[in-house]
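Notes follow the structure.
The values are calculated or read from the model by the stated rules, or taken from the named source; none is laboratory data. Note that the structure is predicted; figures quoted are calculated from it, not measured. So basically every Cβ, Gly included, is an ideal-geometry build from the backbone, and we count neighbours across all protein chains shown. Note: areas computed on protein heavy atoms with side chains; ligands, DNA, RNA excluded. Shrake-Rupley method; radii C 1.70, N 1.55, O 1.52, S 1.80 Å.
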Amino acid sequence: MISVEGLTVEFSVVPLFSGASFVVNDRDRIALVGKNGAGKSTLLKILCGKQRPTSGVVSVPNDTTIGYLPQVMILQDDTTVREEARKAFAGMLQLKERLDRMNNELAVRTDYESDEYMSLVERYTEEHERYLMMGAENYEAEIERTLMGLGFTRADLERPTNEFSGGWRMRVELAKILLQKPDVLLLDEPTNHLDIESIQWLEQFLIQSAKAVVLVSHDRAFINNVTNRTLEISCGKIIDYQVKYDEYVQLRKERREQQIRAYENQQKEIAEMKAFIERFRYKPTKAVQVQQKIKQLEKIVPIEIDEVDRSAMRLKFPPCLRSGDYPVICEEVGKSYGEHTVFTDVSFTIKRGEKVAFVGKNGEGKSTLVKCIMGEIPFTGNLKIGHNIQIGYFAQNQAQLLDESLSVFDTIDRVAKGDIRLRINDILGAFMFGGENADKKVKVLSGGERSRLAMIRLLLEPVNLLILDEPTNHLDMQSKDVLKEAIKAFDGTVIVVSHDREFLDGLVTKVYEFGGGMVKEHLGGIYDFLRRKQIASLDELSVRSNSAESQSNSPSSFVLPPSSNTSTSTTPDVSSKLAYLERKEQQKKVKRVEKSIKEQEEKIMKLEDRIKELDAILCTPEGASDMTVVTEYTSIKKLIDQETERWEHLCEELDQLSQ
């Protein structure tokens, strides 16, 4: 389907890869792998014709169609979901218009015996057969089937696209590409905005319905399930492994071990030749052998070892100013788009220094609430931002906000102020943009590189409230780990919107679950939340909510009243009395725990008030040197930690009793 010969791509005379040759055949499922910036997205752009290589040939037959989903794209806001998906059939609709015109012409013409009339009849017959072969009669049903497979409900299809989050709008673009049924699908990180059900549906679609697929993804399970071949970009070359990803990892490891052994043997051989040459260089009797060794040495082609990506960005958030005790207070906050309610009656308080997670399936309002906190959109209720709060915001579409015409250096130079401008090169080097990489244009950067560049902009001004909306979408595993450690060391307050369970583990101490128009608070880390929900991953939230919905709608979920001649009818009073006593006892336990929580909160508030008084004393020269005050301050701090821990246990107990 696509033939690539001698492909070379250079940026600033430095080749991404050179001399690459391979063929994409029908029914190939190819995973394109390599480190960030290796050229994966660039290769996809070249295959679809959006970018030209430095040299080489990409041959695509005239009748071969290509569908391309980039990492970042400009989305339309002026149509409904159904109308936007219908654009996938633009060619079919144009063909229908041509058929209508030819049909009208046939109806009015009377020169039935002329060659022109017969030619028109033949053209109409051919076009009409092609129209039917394209499945024109069923395209509306196909639109619904594809959109619902990607997670939309039937009611969603008539809603404007601008009511949906970025993740859901990307699904519309993916649906448009799948509906076109191209001969070759080029997908760049297609799972970034999908939940588990949609990923599984896409897996099945690609396995069963797609003709040829080339994809880039950091989702190991997804590429293992879909692909049967792996192309690796490494050391400026493209290496073809005719196996799926897991087998490729093992083969690559074996290949690298062989390369190391061959390299060591070659180095030993070179050392022996050089030693021979040096030893006998000036002996006339050995002149012929010395010349032979020199010629052999010149002919040796150095063995290259596949590179292992050990580069990693170095990230540390600057010290932040002390904020008020409560950076964010929500009181009965709500947001609706027309008749569609995103969430309602959201009430919670985030304390200074807390690191919390917003989780839930796409479209439940996580990013919407973030925009409310940022003051970007109107809402109902009260939302208070604390005293002396400076917000740093990393949005889902942060990479789209970068000016593509600027270089990496100029992007940072335009926003840097004061002494920071003298350290731009050092900062860029810490984020793997050292040397010539600083001169790269933003338009040639990969998704991961753009995310790193956007992160630098976030660091240029000290902030004390970090809001990160899907910050790991385009980052590799190493960069994710570095970002996680930097957030853990950050001494301000953090809100993280993420589906990544491993990233949130050990990072957050409180989880806010979005679903069904409500936001529920869960104390503890992400695994505490998952254990409480009795699920293994965040993606299963959508699975459980959908299965519960289907059960409530199915006929089998209705419970019939017991028949008069069944044994259960003989003891209704006893069972109802037992149920009443159990409920009564449960209510007593709940009230007892609620009372303990209230007492605990009052105790903590008194201790925090005393800490404020001691803070004021310690700010004076006399107080700072008073060891009695210092000792009291330290002991109260420890006591607050102990009482807070007890309060958290009580809240967990109440949560379990309320379930």
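Mind listing the long-range amide H neighbours of ILE2? Cut-off is under 5 Å, sequence gap 5 or more, other chains count too, H placed in the peptide plane at 1.01 Å from N.
VAL24
Consider a paramagnetic label point 7 Å from the Cα of GLU5 along Cα→Cβ; state which residues of segment 25-59 have an amide N under 16 Å from it.
Under cut-off, by backbone N: 55-59.
Hey, got a sec? Which trypsin sites (Lys or Arg not before Pro) in segment 1-57 land in a DSSP loop and have at most 13 other Cβ atoms within 10 Å?
ARG27, LYS50
Name the residues whose placed amide hydrogens come within less than 5 Å of the amide hydrogen of PHE152, ignoring near sequence neighbours (fewer than 5 apart) on the same chain.
The list, which skips near neighbours in sequence, is empty: none.
If you count only protein heavy atoms and use a 1.4 Å probe, how large is the accessible surface of TYR326, to the nearest 10 Å²?
90
Out of the total accessible area of segment 205-265 (probe 1.4 Å, heavy atoms of protein only), what percent is carbon and sulfur?
Carbon and sulfur together cover 45 percent of it.
Sticking with the crude label model, points 7 Å out along Cα→Cβ, report the distance from LEU607 to TYR527 in nm, one decimal please.
So the label points at LEU607 and TYR527 sit 2.6 nm apart.
Stretch ILE377-LYS598 to full length: gain in nm at 0.36 nm per residue minus the Cα-Cα span?
Residue separation times 0.36 nm, minus the Cα-Cα distance, leaves 76.1 nm.
Once a ≥ b ≥ c are taken as the square roots of the eigenvalues of the Cα gyration tensor of segment 359-407, is the result rounded (a/c under 1.5), prolate (a/b larger than b/c) or oblate (a/b not larger than b/c)?
Verdict is oblate for segment 359-407.
Of VAL4, VAL482, which has the most accessible area with a 1.4 Å probe, and how do the rest follow in descending order?
The ordering from most to least exposed comes out as VAL482, VAL4.
For SER209 paired with MET92, estimate the spin-label separation in nm (one decimal), with each label point 7 Å from Cα along the Cα-to-Cβ line.
Distance between label points: 1.1 nm.
Apply the Karplus parameterisation 6.51 cos²θ - 1.76 cosθ + 1.60, with θ equal to phi minus 60°, to every residue of segment 172-185 and state each ³J(HN,Hα) to the nearest whole Hz, in sequence, with x for glycine and proline.
Those phi angles translate into 4, 5, 5, 4, 4, 5, 5, 5, 6, 6, x, 5, 10, 9 Hz.
Cross-link partners among lysines for LYS384, C-alpha distance below 24 Å, same-chain residues fewer than 8 apart left out?
LYS335, LYS351, LYS355, LYS366, LYS371, LYS510, LYS520, LYS598, LYS606, LYS612
Take the Cβ-Cβ distance between LYS351 and VAL590 as r, set R0 to 35 Å, and report the resulting FRET efficiency rounded to the nearest 0.05.
My answer for the efficiency is 0.90.
State the extension gain, in nm to one decimal, for the chain segment bounded by LYS384 and GLU648, taking 0.36 nm per residue of separation less the distance between their alpha-carbons.
Stretched fully, the LYS384-GLU648 segment lengthens by 92.6 nm.
What FRET efficiency would be calculated for the residue pair LYS283, TYR263, taking the C-beta separation as r and a Förster radius of 35 Å, to the nearest 0.05?
0.65
Considering only DSSP states other than H, G, I, E and B, which trypsin sites (Lys or Arg not before Pro) in segment 368-465 qualify as loop sites with at most 16 other Cβ atoms within 10 Å?
Here the trypsin sites (Lys or Arg not before Pro) that fit, given the DSSP loop and packing criteria, are ARG414, LYS417.
Can you tell me how much longer the chain between LYS417 and ARG145 gets when fully stretched, taken as 0.36 nm per residue apart minus their C-alpha distance, in nm with one decimal?
So the extension gain works out to 92.7 nm.
Please work out the FRET efficiency for the pair ALA221 and ASP481, using the Cβ-Cβ distance as r and a Förster radius of 22 Å; give the result to the nearest 0.05.
According to the calculation, E is roughly 0.65.
Once amide H atoms are built 1.01 Å from N in the peptide plane, which residues 5 or more positions from TYR68, or in another chain, come under 5 Å H to H?
For TYR68, whose amide H was placed from the backbone, the distant partners under 5 Å are LEU186.
Please give the net charge around VAL60, taking every other residue with its beta carbon less than 13 angstrom from that of VAL60, where Lys and Arg add +1 and Asp and Glu add -1.
Value of the local net charge: -2.
Place a point 7 Å from the Cα of LEU321 along the Cα-to-Cβ direction; which residues of segment 489-519 have their backbone N under 16 Å from it?
Only 492-493 fall inside the zone, counting backbone N under 16 Å.
Carbon and sulfur atoms: what percent of the 1.4 Å accessible area of segment 403-496 do they account for?
Carbon-and-sulfur percentage of accessible area, whole number: 47.
What nm distance separates the two modelled labels at GLN656 and LYS299, each placed 7 Å from Cα along Cα→Cβ?
Output for this residue pair reads 7.8 nm.
Give the ranking of CYS48, CYS330 by solvent-accessible surface, highest area first, calculated with a 1.4 Å probe.
Per-residue accessible area, sorted high to low, gives CYS48, CYS330.
Explain nothing, just compute: Karplus ³J(HN,Hα) = 6.51 cos²θ - 1.76 cosθ + 1.60, θ = phi - 60°, for every residue of segment 514-523 in order, whole Hz, x for Gly and Pro.
Working through the residues one at a time gives 9, x, x, x, 10, 10, 10, 8, 10, 7 Hz.
Sort segment 349-445 into rounded, prolate or oblate with this rule: let a ≥ b ≥ c be the square roots of the eigenvalues of the Cα gyration tensor; rounded if a/c is under 1.5, and if a/c is not under 1.5, prolate when a/b is larger than b/c, oblate otherwise.
In terms of gyration-tensor shape, prolate.
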